[in-house]
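Take a look at the structure set out below.
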Amino acid sequence: MRRRLRLRPDGASAVDVSRLLSLETDGGSLILGMFIVTNVAFALTTIGTLSTAWPAYVAVVVVSAAAVLLVRPHPDPFPLRDSWLVVSAVVVSSIVLSLALPAEGVIGRASWHLGSNMWLLWFLIIRGRGRLAWLGAALMTAITVGWAMVVGRGWGAGLSMLDTQLGMLVVASIFARALRRTAWRINALSERSVEAAAAAAASEATRQVRLQRASEVARLAVPFLTRIVDGGPLSADERAQVRDAEAMLRDSVRGRALATPAVLTAATRARGRGVDVVLLDDRGSGLPSGEAMQRVEARVAETLTRAAGSVTVRLLPAGRDAAVTIVTVGPERVERTLLDVDGDVITAA
């Protein structure tokens, strides 16, 4: 199946056909100015061949205003309302100048509006409104052919005035499709670049976490391992230090997000009083906000400071009503506290 090419609809970083043509740059403004000046020059130099002058002035104003509207900054496709205004400008300028074109003789540049209108429709196709552009071309063709038949020139003469312009629209349709394909490829490459950068950043972050964990393990375990390798019995104080180090390593592995410096310090002091402390991270990540984690940290540290017996702190999987459970089993009672994702107490019993 043939893949349909589409541009990303939004986003300041998205590339569309208008951006590829740099319509919003100084160069685009220069081309717009030249377009308007050329229309004025054609209108003034051919006004003597018209039956009346006012249609030329009206056509210059209408066509120039449509050109200014057409190059204004906006992601493609061009706004539908503004596109209809451009088509209306094509129709109006075609009608008013048809009222003044000479019925006999060589028309020459007096039909300048046909070329100018076709450039409007050309850029309307480029900006993603091909159907409306071809509708405008059909209406302009109908008006021109109708005028030629009314004045006695014949429908063939009317069509001959538009053969080059209609060919330009065919070229515009092909050109716009090629540019849209190019824009789609640029956006696809940009998205892949962003994804690759994000993957590299995630990989680097994972590597840094591993290095940090390895550093923590080395800092805690290496001195005691060295002492054991040196031989000789361990003193009671050294045994206590080994137990504390083992507990901290276990907390950092099983507790992960819960193993903050404040919690680990409180847990070490609680274990020194004989409290059995278990930290479990079943969520795999911290709570959504840093403030929530600070509230959880303060609550856990407070509980460990006054606990006796055993304390189990568990960070629950995402998607549950409660985010953290703190269970304290004391000599006389069992306390269970539930915290939400904001770190606030839901129930305490």
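The values are calculated or read from the model by the stated rules, or taken from the named source; none is laboratory data. These figures come from a predicted structure and were not determined experimentally. For neighbour counting, all protein chains shown are included, and Cβ atoms are generated from backbone atoms with ideal geometry for every residue, glycine included. Keep in mind that these areas ignore ligands, DNA and RNA; they rest on the heavy atoms of the full protein, side chains included. Shrake-Rupley method; radii C 1.70, N 1.55, O 1.52, S 1.80 Å.
Screening the candidates Val313, Val329 for the property of being within 20 Å of Ala257 (Cβ to Cβ) and either touching a residue at least 24 places away in the same chain (Cβ under 8 Å) or aliphatic (A, V, I, L, M) (or both) yields one hit, Val313.
This table checks each residue for (1) without any contact (Cβ under 8 Å) to a residue 12 or more places away in the chain; (2) open to solvent by less than 70 Å² (accessible area, probe 1.4 Å).
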{"site": "Val151", "(1), (2)": "no, yes"}
{"site": "Trp155", "(1), (2)": "yes, no"}
{"site": "Gly158", "(1), (2)": "no, yes"}
{"site": "Asp163", "(1), (2)": "yes, no"}
{"site": "Leu166", "(1), (2)": "no, yes"}
{"site": "Leu169", "(1), (2)": "no, yes"}
{"site": "Ala172", "(1), (2)": "no, yes"}
{"site": "Arg181", "(1), (2)": "no, no"}
{"site": "Val194", "(1), (2)": "yes, no"}
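If you take just the helices (runs of 4 or more DSSP H) that sit entirely in the stretch 235-323, which of them hold at least 2 residues that are surrounded by fewer than 13 Cβ atoms within 10 Å (Cβ to Cβ) and at pLDDT 85 or above? In the stretch 235-323, the matching helices (runs of 4 or more DSSP H) lie at 290-306. Taking the stated definitions as given, is Gly343 in a loop (DSSP other than H, G, I, E, B), open to solvent by less than 50 Å² (accessible area, probe 1.4 Å) and either of a type in the set (S, T, N, Q) or on the phi > 0 side of the Ramachandran plot (or both)? It is true that Gly343 is in a loop (DSSP other than H, G, I, E, B), open to solvent by less than 50 Å² (accessible area, probe 1.4 Å) and either of a type in the set (S, T, N, Q) or on the phi > 0 side of the Ramachandran plot (or both). Yes or no: Leu99 open to solvent by 60 Å² or more (accessible area, probe 1.4 Å) and out of contact with any Pro (no Cβ under 8 Å at 6 or more places or on another chain)? The answer is no for Leu99.
Residue-by-condition table, conditions (1) assigned to a helix (DSSP H, G or I); (2) modelled with pLDDT of 65 or more; (3) more than 23 Å from Ser94 (Cβ to Cβ):
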site	(1), (2), (3)
Leu5	no, no, yes
Asp10	no, no, yes
Arg19	yes, no, yes
Ala43	yes, yes, no
Thr46	yes, yes, no
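Residues in the stretch 179-219 that are at pLDDT 70 or above and among the small types (Gly, Ala, Ser): Ser193, Ala196, Ala197, Ala198, Ala199, Ala200, Ala201, Ala202, Ser203, Ala205, Ser215.
For Ser116, the test of being at pLDDT 90 or above and either assigned to a loop (DSSP other than H, G, I, E, B) or surrounded by 24 or more Cβ atoms within 10 Å (Cβ to Cβ) (or both) is failed. Here's a check for you: in the stretch 50-72, which residue that is surrounded by fewer than 16 Cβ atoms within 10 Å (Cβ to Cβ) and among the polar types (S, T, N, Q) is modelled with the lowest pLDDT? The selected residue is Ser51.
Flag set for Val91, criterion: of a type in the set (A, V, I, L, M, F, W, C), open to solvent by less than 50 Å² (accessible area, probe 1.4 Å) and within 20 Å of Val150 (Cβ to Cβ). Among the conditions (1) open to solvent by less than 60 Å² (accessible area, probe 1.4 Å); (2) assigned to a loop (DSSP other than H, G, I, E, B), Val106 misses just one, which is (1).
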